[in-house]
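Student: A single structure is presented below for examination.
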Amino acid sequence: MRRRICLRVKDLDFGADTIFVRSGKGDKDRSTVLPSAVKERLLESRMP
């Protein structure tokens with residue numbers, strides 16, 4: 001199954017290492033852990 005992911009900057013909390021998922025399974029909002037490897041790649045790809 002393929003799912004479309006729309007990730008916005010405001011959905012990331014780098015300080016708390018969390019991702020906020022909006023309208024997920026069951027149309028519920030929830031937060032989950034932001035893996036350190038993903039965090040590093042996102043920070044590297046950010047524009048100055």
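Every number here is computed from the coordinates shown, using simple stated rules; none is lab data. These numbers were taken from a predicted model, which means no experiment stands behind them. No Cβ is skipped: glycine too gets one built from the backbone with ideal geometry, and neighbour counts run over all protein chains shown.
Student: Add +1 for every Lys or Arg and -1 for every Asp or Glu among the other residues with Cβ under 15 Å from the Cβ of Ser36, and state the total. Provide the component values of the computation, followed by the final result.
Tutor: Working: positive: Lys39, Arg41; negative: Asp13, Asp17, Glu40, Glu44.
Summing Lys/Arg as +1 and Asp/Glu as -1 gives -2.
Student: Something else about it: Using only alpha carbon pairs under 8 Å that are at least six residues apart, calculate the relative contact order of the chain and give it in whole percent. Let's see the in-between values first.
Tutor: Working: 37 pairs, mean separation 12.0, N = 48.
Relative contact order, the chain: 25 percent.
Student: Whose amide H sits under 5 Å from the amide H of Val21, counting only residues 5 or more places off or on another chain, with H placed in the peptide plane?
Tutor: Long-range HN contacts for Val21: Arg30, Ser31, Thr32.
Student: Same structure again: Take the alpha carbon gyration tensor of the chain, find the square roots of its eigenvalues, order them as a ≥ b ≥ c, and report rounded if a/c is under 1.5; if not, report prolate when a/b exceeds b/c, else oblate. Spell out each step's value before the answer.
Tutor: Values: a/c = 2.06, a/b = 1.66, b/c = 1.24.
Prolate.
Student: Using the alpha-carbon atoms, what tilt in degrees (0 to 90, nearest 10) does helix 36-45 show relative to the longest principal axis of the chain?
Tutor: It is inclined by approximately 60 degrees.
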